[in-house]
Amino acid sequence: MNNSNRKILVCCGTGCLANNSFEVYTKLKEKLKDTKIAVQPLVKATGCNGLCEKGPVVKILPDDISYFKVSTKDVDAIVEKTILNGEIIDKLLYYDTNEKKKLISHKDATFYKHQQKISLRNIGEVDPLLIEDYLERDGYKALRKVLFEMTSEEIIDVIEASGLRGRGGAGFPTGSKWRTCYKYNNFPKYIVCNGDEGDPGAFMDRSIMEGDPNTVIEGMIICGYAIKSHKGYLYIRDEYELARKNMQIAIDNAKKHGYLGENIIGSNFDFDLEIVRGGGAFVCGESSALMASIEGNVGEPRAKYIRSVEKGLWNQPTILNNVETWANIPPIISNGAKWFKSIGIENNSGTKVFSLVGKVKNTGLVEVPMGTKLRELVFDIGGGIIKDRPFKAIQTGGPSGGCIPKEHLDISLDFDSLSNIGSMMGSGGVIVMDDTTCMVELARYYMEFLSEESCGKCTTCREGIKIMLEILTNITKGEGELEDIELLLDLSETISNASLCGLGKTAPNPVITTIKYFKDEYIDHIVNQKCNAGICKKLTSYYIEEEICIGCGLCAKKCPTNAITGIKKEPHIINADICVKCGACFTNCPTGAVKIGGVVVESKN
Amino acid sequence: MKIDSSIDYNETIKIIRKYPNEKKFTLAILQDIQKEYGFIPKEVMTKISDYLNIPLSDIYSMSTFYKALSLKEKGKYIIKVCNGTACHIRGSNSLIEELTDILNIAPEETTEDGLFSIEIVNCLGACALAPVMMVNGKYYGSMTKEKVKTVIDEYRGLEHEQ
Ligand SMILES: Cc1cc2nc3c(=O)[nH]c(=O)nc-3n(C[C@H](O)[C@H](O)[C@H](O)COP(=O)(O)O)c2cc1C
Ligand code: SF4
Ligand code: SF4
Ligand code: FES
Ligand code: FES
């Protein structure tokens, strides 16, 4: 077998690292040193491949073999069998639940087949710490093009014509943001990358910064050149240590290679980047709060009658874009506005990265053209619901988003369709929920989150969210009243209208949408004192349906309080007095005989 | 456990002086101090205030506003349990229950021996492995109650070796 050009790519994104991929990487390198092969294959540590739950992922090129759940124990076999003899190790292959078979190349998996990668184009393929890898894949070509062939106006024209809308939440047209800022002749101007990624359940920005930092850098320099700025800041959240490290190394390398700093590749243009470590407050993702934080202040939002494109950082014109937005810039410049516009749908061009998480089989990072159907995302790419339980809802857009019920499963994923039904694109977190998620509790959860994260400047936000939280908590404890539903909606309106920043304005969304689509559940909690999902413990009871129970005794074995009794092969019974409602019997019953709610069978003794 | 009076202020000054005396470095300085001592000691706040020429009250409000900063001392091992949406719906609550049970402290508290602190955080960015927790920067994915116990035992074991 010819070993030249052989590459072994070991995923070293956060997900895989958590499963010891770095040890796999190190061991592979060592093992190869001891092996006498004419040409040593390259071993590279890459960023996230998207399917973190099945990690560590190891890919072998050019043979195009992908191994999943690789451990250090597999290293010998990989080298001896696959690298030296070209044999495929069956047990490490990916099993596709849709196709019901094992696949050699990950590219054939349903999870990847439906995807189209623009902002994630290099991730999982390049070593983020090697600028050479980026250059090999046409990196900094777009920068070269703008510096030597394009004027500011031409660049802004392309971005505007591409129809790119900001990927950080609101979907504001990027080109028009740049154009407004370009027009102000007030220097210095600043460029900011919003790498705060505060939405729980979203990790696309982190993966881009960790896995392909150069694309973010290139996007920012291009904008700097276009609007005549010489200084950019990357505000990266506190928890993202690896993202900060990889970004810093990439910045240093870009400087060494002349892509950053003074007289960039001989063009006379100077631009520099600095990383600012976030302070760990959700509201700091909001643009004006973020800038206050960079300036060294408490990160409180300010009213936006003057926009930051005119007066942003230190009151100078400032462009702030999201990480994913930046990653889209170089390919748009290289391939042109027409190309970008041809992907996606009207008014929503290009692709969007989603983090598909929750009760779905294939959790991970997914990039699809705008306009892809939600159903395709969840059932084809995502492989459906864990344990094939019934699908209940999708939550999109983080705390400011909403819940989408199954009637809307065929909705197109784009900024406009989502906001039409009361939800939001947000940063692209898609949280899949099955019948064991309680929608009232979920609304309560978001109110708790937001009441903690409110900066406290506006009374409506500070106090209003707290009152909503109190009402919702009462309902989950069985202490709600029917009038509460109206009251929640009234409060929602006031809070949205009277709060200053996006946090307060959108805070009531999870409550409004759960009431809109799942009012029955609210009524069940209030009137029938029942939580059918088994989440609100005070309103949950378990019983075993006699006809379905096969008497295997698994439930009794799992019960921590010995509340379940019964003779083998005969229906078992739950003693409600002893049951602590942990749900272990429910999740472990192989036949689904354990049910939630309904009549509680009292034991006779 | 470290106490205020035992802090070596020469070290503190070194940390502060790494940065030019510009306001924009306030957060960065505070974060370095937090990393060094596990909290922001009162005396150090005064030093930063002097150095940057910023009112002490501003330093104080920053120290209380940002989650990454704390006025209370933290344990040697900081356990961050994610309660972001992805982790929440995959049962992070039971991990929190188990931890508070094993360590006998509530979230945001520190054990008496100064070894462990529990923090509840919003998202650790490894949502595909939900529920997730982190100990001093090391990730633990697909957590269960049983695994929580093993992880704590592992760190307690480390202490015995030393
Ligand atoms: C409370 C709040 C939190 C936000 N958090 C983030 C965030 O973490 N990351 C982000 O890119 N944008 C966030 N945004 C949106 C930003 O304010 C801003 O619109 C965006 O970063 C602009 O970039 P874009 O045009 O490229 O999308 C947040 C907004 C609000 C109101
Ligand atoms: S709406 Fe809430 S978070 Fe936003 S400025 Fe007002 S109080 Fe602060
Ligand atoms: S819910 Fe938990 S305590 Fe109650 S019967 Fe089932 S296993 Fe036992
Ligand atoms: S970190 Fe390896 S697949 Fe995501
Ligand atoms: S929600 Fe827990 S890691 Fe993201």
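Rule-based calculations on the coordinates, nothing more; no lab input. What you are looking at is a predicted structure, and each value in this text was computed from that prediction instead of being measured. Here the Cβ is made from the backbone with ideal geometry for all residues, glycine too, and neighbour counts use every protein chain on show.
Once R0 is set to 56 Å, what does the formula 1/(1 + (r/R0)^6) return for the Cβ-Cβ distance between B:D113 and A:S412, expressed as a FRET efficiency to the nearest 0.05? Spell out each step's value before the answer.
Numbers: r = 56 Å, r/R0 = 1.00.
My answer for the efficiency is 0.50.
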Expected 222 nm ellipticity per residue - DSSP helices of 4 or more, -39500 (n - 2.57), all of the protein assembly as shown, to 500: -11000 deg cm²/dmol
Relative contact order %, segment A:72-127, counting alpha carbon pairs below 8 Å whose residues are six or more apart: 16
For the pairs A:K29/A:K69; A:K406/A:K477; A:K581/B:K74; A:K73/A:K117; A:K145/A:K255, flag any whose C-alpha to C-alpha distance is greater than 23 Å. A:K406/A:K477; A:K581/B:K74; A:K73/A:K117
How much FRET efficiency would the formula 1/(1 + (r/R0)^6) give for A:R302 and B:T64, where r is the Cβ-Cβ distance and R0 is 25 Å, rounded to 0.05? 0.80
Under a straight-distance cross-link criterion of Cα-Cα below 16 Å, which aspartates and glutamates are reachable from B:K147, leaving out those fewer than 8 residues away in the same chain? B:E97, B:E98, B:D101
Taking a point 7 angstrom from the Cα of A:N420 along the C-beta vector, which residues in segment A:162-191 have backbone N less than 19 Å away? A:165, A:170-172
Using a basic spin-label model with each label point 7 Å from the Cα along Cα→Cβ, how many nm lie between B:L56 and A:D34? 6.2
Taking Lys and Arg as +1 and Asp and Glu as -1, residues besides A:F172 with C-beta under 11 Å from its C-beta add up to +4
Near-label residues of segment A:83-119 by backbone N, under 15 Å of a point 7 Å along Cα→Cβ of B:K147: none
Identify the chymotrypsin sites (Phe, Trp or Tyr not before Pro) of segment A:241-333 meeting these criteria: DSSP loop state and at most 11 other C-beta atoms within 10 Å of the C-beta. A:Y305
So what are the radius of gyration and Dmax for the Cα set of the protein assembly as shown, in Å? 26.8, 89
Any chance you could run the full-extension gain for A:E463 through A:H230? It's 0.36 nm times the residue separation minus the Cα-Cα distance, nm to one decimal. 79.7 nm
Between A:I523 and A:L130, what length comes free when the chain is fully extended (0.36 nm per residue of separation minus the Cα-Cα distance, one decimal in nm)? 135.7 nm
Along the positive direction of the dipole of the protein assembly as shown (beta-carbon charges: Lys, Arg +1; Asp, Glu -1; about the Cα centre), which of A:Y240, A:S207, A:F22 reaches farthest? A:F22
Note to self: C-alpha centroids of segment A:11-39 and segment B:8-59 sit apart, in Å, by 41
Length-normalised contact order of chain A in % [C-alpha pairs under 8 Å, at least 6 apart]: 11
q = 0.12, 0.19, 0.20, 0.23 Å⁻¹: log10 I(q)/I(0) that the Debye formula gives for segment A:182-303, counting C-alpha atoms only: -0.45, -1.05, -1.13, -1.33
Give, as a single signed number, the net charge of other residues whose beta carbon lies under 9 Å from the beta carbon of A:Y542, with Lys and Arg counted +1 and Asp and Glu -1. +2
Please sort by residue number the GluC sites (Glu not before Pro) in segment A:38-146 whose DSSP state is loop and whose Cβ has at most 14 other Cβ atoms within 10 Å. A:E87, A:E99
Separation in nanometres of the label points that stand 7 Å from Cα toward Cβ, at A:D490 and A:D108: 6.3
Angle in degrees between helix B:26-37 and the longest Cα principal axis of chain B, rounded to the nearest 10: 60
State, in angstrom, two size descriptors of segment B:1-92 derived from its alpha carbons: Rg to one decimal place and Dmax to the nearest whole number. 15.2, 48
Residue ranges of DSSP H helices in chain A that stretch 15 Å or more (Cα, own long axis) and have mean Kyte-Doolittle hydropathy of at least 0.5 are A:213-227, A:465-476
Förster-model FRET efficiency, 22 Å R0, A:K7 and A:I249, C-beta, rounded to 0.05: 0.60
Restricting attention to segment B:39-88, which trypsin sites (Lys or Arg not before Pro) occupy a DSSP loop and are surrounded by at most 14 other Cβ atoms within 10 Å? B:K72
If you project the alpha carbons of segment A:57-104 onto their three principal axes, what span does each projection cover, largest first, in Å? 32, 22, 14
When only Cα pairs under 8 Å and 6 or more residues apart are kept, what is the percent relative contact order across segment A:139-227? 38
Separation in nanometres of the label points that stand 7 Å from Cα toward Cβ, at B:A28 and A:A170: 2.9
